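The structure appears below as structure tokens.
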Amino acid sequence: MEQGSIPSPHILIFPAQGQGHVNATLKLAELLSLAGFKITFINFQYVHERLVRNTDVEARFSKYHGFQFKTIPVCRPDDPQRTERWRKLSVKSKPIFKRMVIESKPTVNYIIGDGVLGFVHDVAVEIGIPAIQMHCLSACSFWTFFSIPDVVAAHQLPIKGIPTIICHPFLNDLFIPFNCITYGSNLLKLKGKEDMDRLITKVPGMETFLRCRDLPAGFCQVSDISDPNLFFITNEIRKSQALIINTFEELEGPILSQIRTRYSKIYTIGPLHEHLKTKLRSIGKQELYSSSNSLWKVDGTCITWLDNQPSQSVLYVSFGSSTIVTRDQLMEFWYGLVNSKKKFLWVIRPESVINQDGDNLGEIPEELQEGGKERGYVVKWAPQEEVLAHKAIGGFLTHSGWNSTLESIAAGVPMICWPYFGDQQVNSRYVSEIWKLGLDMKDVCDRRVVEKMVNDLMVDRREEYVKSTARMQELARKSVSEDGSSSCCLNRLIEDIRLMNKKAYASDNDKDNLSR
Ligand code: UDP
């Protein structure tokens with residue numbers, strides 16, 4: 001869609017390599033394609049290969065004029081230090097990416113880089129192309145990371161007695177930087193020395209409820225102030241002057257107001273999956289919507305199984321794409337679920353289960369597969385959006401990844417949170433304490449607690465949670481409707497990009513005229 005004689009802006013979009021990042025960013029790319037922009041979507045090569053193997057993504061996006069995929073062929077550094085891996089990934093990828101931008105045809109007018117890929121923003125600044133960071137994190141976790149220097153200055157970090165992160169030799173196939181750590185209940189026993197319920201009072205807006213245990217694990221829960229992980233995300237996310245965040249005003253308004261004290265331009269355009277669905281419906285193209293941007297093969301048989309279950313009777317259990325659980329933890333969950341006497345649909349990626357030595361089991365324990373048949377259904381990867389929207393689902397036991405949290409909110413499904421690392425610790429605190437959309441089981445993995453929480457969510461306190469989740473679901477829907485907050489923000493983003501493009505075009509023309 002050209003505007004007059006001005007060519008449509010060409011936008012380069014580059015997500016980080018996690019499933020949640022790729023998923024959300026592809027949805028943004030589709031929304032911007034619908035606005036008539038030319039999009040180049042860059043993936044790390046091994047991520048793209050998996051995406052193509054497991055989805056119809058190339059055929060789907062070929063419908064958009066000017067859309068193309070490109071890949072960056074990084075090798076995968078296997079340094080055991082997480083930040084060191086990330087640094088190496090950035091060092092290797094940056095020159096390749098820079099060359100790609102410089103040589104791009106058509107010329108790149110705007111860059112949307114993932115908030116945790118700081119080098120993308122650095123390249124944009126070096127070449128002089130307008131850029132923005134896209135955050136697949138919640139606003140509350142963004143703000144927590146942002147505020148860490150103040151927390152440190154007030155001596156509220158480090159946390160005494162927290163051990164250095166335990167590294168397992170097991171290498172997850174996909175996730176370079178976060179692949180060798182186990183959190184959750186494993187660390188609880190080791191975190192003995194200091195009271196993890198001590199309040200952190202230097203994150204503005206969270207003074208009364210953010211505890212040490214709610215700080216991002218693996219990054220900010222450190223015993224040593226010189227830990228390289230501590231400022232790592234803070235440094236990456238602070239590069240841009242403007243932000244796109246996959247959230248909505250009605251959910252995170254108070255924290256967004258805090259962020260606005262430091263940023264003048266914030267576009268809150270989430271929940272992105274709901275936004276895209278609504279947009280396609282409004283132009284009569286709902287059949288184009290596909291939730292599947294999966295890096296794993298989706299097992300759709302669970303939908304048939306759900307079709308045969310009573311309404312709101314099933315607990316959906318999934319810990320996302322990068323959580324790793326020990327065999328013991330898995331069995332605690334299994335006993336808790338079975339003892340709760342509720343039906344469950346459980347996603348277990350075989351590569352996500354390790355033994356006590358940190359070795360990958362490579363398969364789901366047999367007794368679990370056999371013993372759970374009566375009440376449960378286990379798959380290796382599910383069509384999660386469809387699952388959460390299914391009438392048989394009554395609750396979600398989740399690792400509190402931001403996409404999973406938003407998908408649950410949009411489907412009106414209450415949650416039990418078992419956060420693993422990073423932003424998930426903050427998200428789960430908000431889900432339980434602020435939004436009252438469920439329960440937080442962080443740092444505990446005990447069959448009796450699992451059983452009790454499942455029964456609280458599905459039976460004893462069901463009414464309370466159904467009420468609050470239905471209200472938030474309604475607000476999420478409104479935010480992406482025609483005049484809703486997220487819809488207006490997306491329109492503003494589109495207009496701002498168009499305006500920038502127009503000005504750049506006019507200035508190039510002036511230069512041409514002068515040089516003649
Ligand atoms: N997902 C899925 N099928 C599954 C498990 C997860 O499609 O069996 C999707 C889910 O819908 C979400 C993404 O994978 O969009 C996970 O992102 P999230 O931010 O929740 O967690 P992460 O995997 O990044 O930790």
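Every number here is computed from the coordinates shown, using simple stated rules; none is lab data. Computed from a prediction, not measured in an experiment: that's the story for all the values here. Neighbour counts are summed over all protein chains in view; Cβ atoms, including those assigned to glycine, are modelled from backbone coordinates with ideal geometry.
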- How far apart, in nm, are the 7 Å Cα→Cβ label points at LYS380 and ASN455? 3.6
- Query: In terms of Cα to Cα distance under 18 Å, which aspartates and glutamates are near enough to LYS38, apart from those fewer than 8 places away along the same chain?
  - Reply: GLU2, GLU30, GLU58, GLU103, GLU495, ASP496
- Extension reserve of the GLN45-ILE6 stretch, reckoned as 0.36 nm per residue once the Cα distance is removed: 10.8 nm
- Task: Using just the alpha carbons, could you tell me how many Å³ per residue the convex hull of segment 373-426 encloses?
- Result: 96
- Would you kindly state how much longer the chain becomes between ALA470 and ASN339 on full extension, computed as 0.36 nm times their sequence separation minus their alpha carbon distance, in nm to one decimal? 44.4 nm
- Item | 0 to 90° range, to nearest 10: angle between helix 82-102 axis and the chain longest Cα axis | 30
- Note on the structure: For the chain, longest principal axis from Cα atoms; helix 139-153 axis from its Cα atoms; angle between them, nearest 10 degrees, is 80
- Message: Once you place label points 7 Å from the Cα toward the Cβ at ILE225 and LYS285, how far apart are they in nm?
- Response: 5.4
- Tell me what the chain gives for mean residue ellipticity at 222 nm when only DSSP H runs of n ≥ 4 count, each as -39,500 (n - 2.57), the sum divided by the residue total, rounded to 500 deg cm²/dmol. -13000 deg cm²/dmol
- Message: Given points 7 Å out from each Cα along the Cα-Cβ axis, report the LEU499 to HIS155 separation in nanometres with one decimal.
- Response: 4.7
- Note on the structure: Cα-Cα longer than 29 Å, checked against LYS94/LYS285; LYS94/LYS442; LYS279/LYS442; LYS27/LYS202; LYS478/LYS502; LYS342/LYS442, kept in input order, equals LYS94/LYS285; LYS94/LYS442; LYS279/LYS442; LYS27/LYS202; LYS478/LYS502
- Task: Tell me which residues come under 5 Å, amide H to amide H, from ARG211 once H is placed; ignore anything under 5 positions away on its chain.
- Result: ILE200
- Item | Efficiency of FRET between SER507 and GLU433 - r from beta-carbon atoms, R0 51 angstrom, step 0.05 | 0.55
- If you average the sequence gap of Cα pairs under 8 Å that are 6 or more apart and divide by the length of the chain, what percent do you get for the contact order? 16
- Query: Cα gyration tensor of the chain, axes a ≥ b ≥ c as square roots of the eigenvalues: rounded (a/c below 1.5), prolate (a/b > b/c) or oblate?
  - Reply: prolate
- Message: Distance between the C-alpha centers of segment 455-499 and segment 397-433? Whole Å please.
- Response: 15
- Item | Cα shape, segment 223-353, gyration tensor, a/c 1.5 rule | oblate
- How much length is gained on full extension from LYS373 to ASP195, taking 0.36 nm per residue of separation minus their Cα-Cα distance? 60.0 nm
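I'd like the FRET efficiency for GLU207 and ALA59, computed as 1/(1 + (r/R0)^6) with the beta carbon distance as r and R0 of 45 Å, rounded to 0.05. Don't skip to the answer; put the middle values down first.
Numbers: r = 50 Å, r/R0 = 1.12.
In this case the efficiency is close to 0.35.
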- Note on the structure: In terms of the alpha carbon gyration tensor, root eigenvalues a ≥ b ≥ c, rounded if a/c is under 1.5 and otherwise prolate when a/b exceeds b/c or oblate, segment 413-462 is oblate
- Task: Just name one of LEU315, VAL116, VAL152: the one whose Cα is farthest towards the positive end of the charge dipole of the chain (beta-carbon charges, Lys/Arg +1, Asp/Glu -1).
- Result: VAL116
- Item | Centroid-to-centroid separation of segment 298-315 and segment 125-140 [C-alpha atoms, Å] | 39
